[in-house]
1. Between Ile232 and Phe207, what FRET efficiency follows from the Cβ-Cβ distance if R0 is 22 Å, with the result rounded to 0.05?
2. Give, rounded to the nearest 20 debye, the magnitude of the charge dipole that the stretch 262-367 has about its Cα centre when Lys and Arg contribute +1 at Cβ and Asp and Glu contribute -1 at Cβ.
3. Do you know the relative contact order of the chain, to the nearest whole percent, from alpha carbon pairs under 8 angstrom that are 6+ apart?
4. Starting from 0 in steps of 10 Å, tell me what percent of the Cα-Cα pairs of the stretch 268-391 lands in each bin.
5. Taking the mean number of other Cβ atoms within 10 Å as a proxy for protection, how do you rank 215-224, 276-285 from highest to lowest?
6. Taking only DSSP H segments of four or more residues, each worth -39500 (n - 2.57), what value at 222 nm results for the chain once the sum is divided by all its residues, to the nearest 500 deg cm²/dmol?
7. Report, as a whole number in µm² per second, the diffusion coefficient that Stokes-Einstein gives for the stretch 212-266 at 10 °C and 1.306 mPa s using the Kirkwood radius over alpha carbon pairs.
8. Can you give the charge dipole size of the chain about its Cα centre, rounded to the nearest 20 debye, using +1 on the beta carbon of Lys and Arg and -1 on the beta carbon of Asp and Glu?
Amino acid sequence: MVNVIGLGYIGLPTALMLASHGIEVQGTDYNKNLINTLKEGQTTFKEEGLDELFSSAVKAGILFSSEYQVADIYIVSVSTPYDNVSKKVNAKYLKKAVECILNVCPKGAIIIIESTISPGTIDRHVRPLIKERGFIVGSDIHLAHAPERIIPGNMIYELLHNNRTIGVDSKEIGERVKKLYASFCQGEIEITDIRTAEMTKVVENTFRDINIAYANELAKICRFDNMDVYEIIRIANKHPRVNILSPGPGVGGHCISVDPWFLVGDYPGLANIILAARKINDSMPEFVLERIYNIMQEKGMTDVSRVGFYGLTYKENVDDIRESPTLQMLRIMEKHLCGCSVKVYDPFIKENIVPNQIHNLDQFLAEIDLVVLLVRHNEIVNNIEKLEGKIVLDTRKICELEETYRL
Ligand code: SAJ
């Protein structure tokens with residue numbers, strides 16, 4: 001039996017996928033509301049194909065509980081934030097989960113950490129914890145690190161098809177963990193040591209952060225010297241070895257905006273490009289606010305309440321708002337203007353989470369003159385003609401209408 005600990009954006013789909021492929025699974029989360037929602041037959045976030053996967057896992061007998069279970073294998077998928085000051089990984093949730101597992105697990109159990117962690121986290125935080133409790137790693141308890149690579153918006157497809165990495169101390173445990181993931185994963189499964197697996201995951205997300213930062217820096221240079229960054233990227237990408245990503249209002253989500261900080265925290269003085277990239281991406285919400293200010297001046301607009309932010313999530317077609325550029329912009333405005341009267345709308349966010357939030361696109365557009373497109377949701381791509389007559393600041397290159405300003 002497999003006990004999946006932490007039923008968030010990664011743990012839940014993983015638990016459902018295993019259960020749908022014939023593995024006996026119990027899902028555990030300390031959040032009792034979340035467990036109740038799942039027990040009532042509802043999923044806790046939106047993702048294409050998740051509801052169907054949920055039904056199939058329930059039919060297959062998956063169980064949910066806030067208690068840790070006696071199991072042969074544990075998959076830990078809890079949050080691993082970074083410490084704001086030291087920038088190092090904050091392993092408190094991970095350690096708590098491992099401690100709770102040690103309270104119930106039988107000898108010989110395998111603990112697989114899926115949460116993203118910086119290189120050395122298992123050596124520094126998990127092994128000592130197990131030792132302190134009188135267990136021997138490698139005989140009483142086995143450890144593995146199997147970081148997840150799925151992308152929100154295409155999670156179910158990627159769970160099935162992505163290649164995976166498994167870090168372990170011994171080949172035998174590697175093969176057992178590989179067999180578990182191979183129950184559903186059609187990608188290649190690479191077995192390596194734990195530190196390499198830890199580093200590889202962080203390196204992948206850092207690679208993307210640096211590449212996005214390059215696009216964002218180009219956007220700033222092109223704005224300064226009045227060039228079209230999108231046209232330049234489009235043409236540069238015709239080169240067989242150039243593939244520049246898209247500039248945007250910032251890098252949100254709980255992965256790319258977090259993981260590179262682990263390297264900055266652990267290797268200060270060495271992680272220079274990585275730190276610069278983080279700073280560039282973190283500066284983008286402020287850059288967008290400056291664009292708004294300049295456009296308002298140019299148009300003689302003075303009333304901030306006639307400005308609307310379209311999109312609250314960190315990216316298109318997901319309902320995840322963690323570290324979202326829009327929230328960062330709202331926070332900056334709150335701080336500097338002691339309150340913020342811009343209107344906000346996102347088709348994926350039904351509850352009120354910020355002031356002046358509107359829940360209908362037509363009403364939102366009726367109440368504003370300047371619309372700032374911050375997320376490329378399909379809804380706006382398919383309804384672009386509704387923006388006719390508005391002043392548009394498009395941070396995602398969605399809109400080709402006249403009166404469209406870009407980053
Ligand atoms: N973004 C841009 N320009 C781009 C691409 C992205 O501004 O050209 C922005 C997005 O709008 C968003 C942020 O970057 O705010 C991150 O979005 P994303 O789609 O690049 O990535 P995530 O955070 O949704 O998922 C990433 C993925 N990592 C990589 O592609 C290397 C995913 O495969 C990982 O599993 C995930 O992090 C994770 O959980 O670690």
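1. Values: r = 22 Å, r/R0 = 0.99.
With R0 = 22 Å, the Cβ-Cβ based efficiency is 0.50.
2. Details: 11 positive and 15 negative charges, 43 e Å.
Roughly 200 debye, rounded to the nearest 20.
3. Values: 753 pairs, mean separation 46.0, N = 407.
Relative CO of the chain lands at 11 percent.
4. Binned Cα distances yield the sequence 12, 42, 33, 10, 3, 0.
5. Details: 215-224: 18.0, 276-285: 20.3.
Result, highest mean Cβ count within 10 Å first: 276-285, 215-224.
6. On the way: 14 runs with 164 residues, N = 407.
Computed ellipticity for the chain at 222 nm equals -12500 deg cm²/dmol.
7. Numbers: Rh = 12.7 Å.
Reported coefficient: 125 µm²/s.
8. Numbers: 45 positive and 54 negative charges, 194 e Å.
Magnitude of the dipole: close to 940 debye.
Bear in mind these aren't lab numbers, they're just calculated from the coordinates by the rules spelled out. Since the structure is predicted, the reported quantities are computational estimates derived from the model, not experimental observations. Backbone-built Cβ (ideal geometry, glycine too); neighbour counts: all protein chains shown.
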